[in-house]
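Just below is one structure, and these are the notes that go with it.
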Amino acid sequence: MRHSQPGYEYESRNLFNSKKFEKISYKNRKRGDLIFYSNSNGVIIHIAIYLGNDKVIESWPNKVVVWPIKNSHRSRIAGVRRVFN
């Protein structure tokens, strides 16, 4: 969960660019997929795990939260990656 801490956003970018994960379209997302968020410049800044029903679980400094996939803190989805097939 270190990627959730300020200064470690590069880890999220490394995971987003990893060849180990399958690229998935947003409309084909499934429970367990990784949802990557970007800032207004298109730079990957965060990851969440898709739970289904348009909800994600993610680390938020000092806690874990479940909330809508698009919310007041994260709304720019850069892409979806599948860890397990």
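The values are calculated or read from the model by the stated rules, or taken from the named source; none is laboratory data. In this text, all values refer to a predicted model and were calculated from it rather than measured experimentally. Cβ coordinates were reconstructed from backbone atoms using ideal geometry, including for glycine residues, and neighbour counts include every protein chain displayed.
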Which pairs turn up if I take residues in region 54-82 that are free of Cβ contacts under 8 Å to residues at least 24 places away in the same chain and look for partners that are loosely packed, with under 15 Cβ neighbours inside 10 Å and of a type in the set (D, E) with beta carbon separation below 6 Å, at least 6 apart in sequence or on another chain? P68/D54
Complete set of residues in region 6-28 that are in contact with a helix residue (DSSP H, G or I) (Cβ under 8 Å, 6 or more places away or on another chain), free of Cβ contacts under 8 Å to residues at least 40 places away in the same chain and over 19 Å from S75 (Cβ atoms): Y8, E11
When restricted to S18, S59, the only residue surrounded by fewer than 12 Cβ atoms within 10 Å (Cβ to Cβ), polar (S, T, N, Q), modelled with pLDDT under 95 and out of contact with any Phe, Trp or Tyr (no Cβ under 9 Å at 6 or more places or on another chain) is S18
Quick check: is even one residue across region 62-75 part of a loop (DSSP other than H, G, I, E, B) and within 15 Å of G32 (Cα to Cα)? yes
Please specify each residue of region 29-50 satisfying the condition of being outside any strand (DSSP E or B), in contact (Cβ under 8 Å) with a residue 12 or more places away in the chain and not hydroxyl-bearing (S, T, Y). R29, K30, R31, G32, D33, N39, G42, V43
